[in-house]
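The values are calculated or read from the model by the stated rules, or taken from the named source; none is laboratory data. The structure presented is a predicted model; accordingly, all values stated were derived computationally and were not measured. Neighbour counts run over all protein chains shown; Cβ positions are idealised from the backbone, glycine included.
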């Protein structure tokens, strides 16, 4: 598969390295994604024959630029001269130059230091990334331009020899003890190729929706970073473009996406947040190797997703694992019940749109805090699942408490937030109790997740609302097209997203709306084929919006593809 690194970073499983074409500079950069999306990622700019813009006519007239899942190549036309880059290990980038004029220019800060450690070996200390790099040259035929001035190098530029390899190895304290170039470039290329091929094949074989399948499996694999710093296990970042964190609800969808091929990786997506669970019970909003943030939270969908994991494999229901998950989700559930309610007679609230995951949804446009029906419905669903798990763990008193709370919240939800005249749930201001103006957000239809607890008339009305006001040619819009706030590129004001698609898909299946659920799944698979694995999609055209290399999009695509194939083909 050919990759456009303007959209999809070139990387590999476990690596903090990535290579991208960045629009702000119109050039290719070796990047480092440690530190999350607030940390500058550019390390070295690639310059070939004095040119940086590999998409320019002058460059393309002379060179072919091609990136696959495991190799980046620049080939001079009508010759065999070539530059190639691979990631042989999670901590390494290996570059092989054969006959091209290649220069690497560092994007450095004041204290960055480039030290010569041997005849052909250097150490680069990057202060902005708080990490170090060992650079090994295969021959002495290179030029280093890195003049020193008091506390750092004024600039750093590396010119590769015409027949030379360069190995970058990153580390935090001490360099690796392994010998550079002990294995040939071709052997290492073949090894990483096999590693990725084995990964892709583990998802099964089918020709259905092949373009999306190829892209989704690569994006997930290449967006995994290794255990380091605050990341207590392998973690699936949302992207290696600029969403370089793991968030506490995207982790649920990515766990589901990889659970059948790597249950340990799936379980780790939960454990990284359990390891950093706040004393209040809340999960961090996001975590990367260096930072964690509790400014916002994410909606309580974790028990729902883990229950789906249990349905996929007994690995997740193993008593020790289940107890760990149960105790953690019980704490975060109590956070919502105790810290996000005025008292036991009131409904929980969000203090920001980000808490819901629907950052700028229309129910948040008139002020905060907001009492939203999706939050209460999620909590009811979570309480019900906790009750079931408590029984399996012989915690019968706790099970009864969870069930009683679920029953109580169900009555409150219907009594306080369902408007029979409007035929739907509403959101209210937590401060005034007034109904928020009806802009028509899909988020108000989310009580369908507890369809089995809703009166039949309400359930039917939600289904009708979904079909008549929110369904588009490509799936469920996040804002009705009739709303004055509707925008096809408005983030949560119209575009189609992976998480809401999968949540509604699963809820429709459980609501005995299998035909509708099937239609949503098929539309989403066609969307992935057409728009790639984008952060979100234009509901009218299917074009991708915002970040075009998203892992939860990829995970949901693979899940729904499996469903569609299982229902409609014999492949």
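Which condition breaks for residue 452 when tested against (1) surrounded by fewer than 16 Cβ atoms within 10 Å (Cβ to Cβ); (2) under 19 Å from residue 364 (Cβ atoms); (3) touching a residue at least 24 places away in the same chain (Cβ under 8 Å)? Just one mismatch for residue 452, condition (2). When the test is whether a residue is over 25 Å from residue 506 (Cβ atoms), buried (at least 20 other Cβ atoms within 10 Å of the Cβ) and at pLDDT 95 or above, residue 250 does not pass it.
Residues 493, 444, 508: which one is in contact (Cβ under 8 Å) with a residue 12 or more places away in the chain, under 17 Å from residue 377 (Cβ atoms) and in contact with a strand residue (DSSP E or B) (Cβ under 6 Å, 6 or more places away or on another chain)? Every option except 444 fails the conditions. Every residue in the range 13-38 that is more than 17 Å from the chain's Cα centre (by Cα), part of a loop (DSSP other than H, G, I, E, B) and over 15 Å from residue 65 (Cα atoms), please. 23, 24, 25, listed by residue number. Cβ-Cβ contacts under 9 Å between residues 6 or more apart (or on different chains), taken from a first residue in the range 461-485 that is over 20 Å from residue 514 (Cβ atoms) to a second residue that is buried (at least 18 other Cβ atoms within 10 Å of the Cβ) and modelled with pLDDT under 95, are listed as 479/439; 480/439; 483/439; 484/439; 485/439.
Note on the range 415-426: residues that are over 23 Å from residue 387 (Cβ atoms) and buried (at least 20 other Cβ atoms within 10 Å of the Cβ) amount to 2.
Residues in the range 91-105 that are crowded, with 20+ Cβ neighbours inside 10 Å and either free of Cβ contacts under 8 Å to residues at least 40 places away in the same chain or under 23 Å from residue 225 (Cα atoms) (or both): 4 in all.
Considering only the range 146-166, state which residues are surrounded by fewer than 20 Cβ atoms within 10 Å (Cβ to Cβ) and assigned to a strand (DSSP E or B). Result: 148, 149, 152, 157, 159, 163, 164. Inspect all residues belonging to the range 260-274 and state whether any of them is under 19 Å from residue 498 (Cβ atoms), in contact with a strand residue (DSSP E or B) (Cβ under 8 Å, 6 or more places away or on another chain) and free of Cβ contacts under 8 Å to residues at least 40 places away in the same chain. Within the range 260-274 (the criterion being under 19 Å from residue 498 (Cβ atoms), in contact with a strand residue (DSSP E or B) (Cβ under 8 Å, 6 or more places away or on another chain) and free of Cβ contacts under 8 Å to residues at least 40 places away in the same chain), the answer is yes, since at least one residue qualifies.
Of the listed requirements (1) outside any helix (DSSP H, G or I); (2) touching a helix residue (DSSP H, G or I) at 6+ places or on another chain (Cβ under 9 Å), residue 540 misses just one: (2). Comparison of 309, 271, 323 shows that the only residue that is modelled with pLDDT of 95 or more, more than 23 Å from the chain's Cα centre (by Cα) and in a helix (DSSP H, G or I) is 323. Of the residues screened, residue 38 is one that is in the same structural domain as residue 132 (by TED's automatic domain parsing), more than 20 Å from residue 167 (Cα to Cα) and in contact (Cβ under 8 Å) with a residue 40 or more places away in the chain. The conditions are (1) buried (at least 20 other Cβ atoms within 10 Å of the Cβ); (2) farther than 29 Å from residue 193 by Cα; (3) more than 33 Å from the chain's Cα centre (by Cα), and residue 119 fails exactly one of them. Which is it? Unmet condition: (1).
With buried (at least 21 other Cβ atoms within 10 Å of the Cβ) and in the same structural domain as residue 372 (by TED's automatic domain parsing) as the only criterion, which of 299, 263, 319 stands out?
On the way: 263 fails: buried (at least 21 other Cβ atoms within 10 Å of the Cβ); 319 fails: buried (at least 21 other Cβ atoms within 10 Å of the Cβ).
Only one candidate qualifies: 299.
Being closer than 26 Å to residue 105 by Cα and assigned to a helix (DSSP H, G or I) holds for only one residue in 200, 189, and it is 189.
So if I check each of 561, 519, 567, 526, which one is modelled with pLDDT under 95, assigned to a helix (DSSP H, G or I) and either assigned by TED's automatic domain parsing to the domain that holds residue 305 or in contact with a helix residue (DSSP H, G or I) (Cβ under 9 Å, 6 or more places away or on another chain) (or both)? None of the other options fit; the residue is 567.
Given the criteria touching a residue at least 40 places away in the same chain (Cβ under 8 Å), surrounded by 17 or more Cβ atoms within 10 Å (Cβ to Cβ) and touching a helix residue (DSSP H, G or I) at 6+ places or on another chain (Cβ under 8 Å), does residue 412 qualify? Walk me through it before giving the result.
Details: touching a residue at least 40 places away in the same chain (Cβ under 8 Å): yes; surrounded by 17 or more Cβ atoms within 10 Å (Cβ to Cβ): no; touching a helix residue (DSSP H, G or I) at 6+ places or on another chain (Cβ under 8 Å): yes.
Taking the combined requirement at face value, the residue does not satisfy it.
Considering each residue of the range 48-56 in turn, at least one proves to be farther than 26 Å from residue 532 by Cβ, free of Cβ contacts under 8 Å to residues at least 40 places away in the same chain and touching a helix residue (DSSP H, G or I) at 6+ places or on another chain (Cβ under 8 Å).
For (1) surrounded by fewer than 22 Cβ atoms within 10 Å (Cβ to Cβ); (2) within 25 Å of residue 535 (Cβ to Cβ); (3) touching a residue at least 12 places away in the same chain (Cβ under 8 Å), each residue gets a yes or a no:
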{"site": "11", "(1), (2), (3)": "no, yes, yes"}
{"site": "15", "(1), (2), (3)": "no, yes, yes"}
{"site": "24", "(1), (2), (3)": "yes, yes, no"}
{"site": "27", "(1), (2), (3)": "yes, yes, yes"}
{"site": "60", "(1), (2), (3)": "yes, no, no"}
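The number of residues in the range 39-57 being closer than 16 Å to residue 71 by Cα and out of contact with any strand residue (DSSP E or B) (no Cβ under 8 Å at 6 or more places or on another chain) comes to 0.
With respect to residue 87, determine if the residue is touching a residue at least 12 places away in the same chain (Cβ under 8 Å), at negative phi and in contact with a helix residue (DSSP H, G or I) (Cβ under 9 Å, 6 or more places away or on another chain). In short, yes.
Screening the candidates 548, 485 for the property of being under 23 Å from the mean Cα position of the chain (by Cα) and assigned to a loop (DSSP other than H, G, I, E, B) yields one hit, 548. Can you find a residue that is over 18 Å from the mean Cα position of the chain (by Cα), in contact (Cβ under 8 Å) with a residue 24 or more places away in the chain and under 25 Å from residue 244 (Cα atoms) anywhere in the range 511-523? No, the range 511-523 has no match at all.
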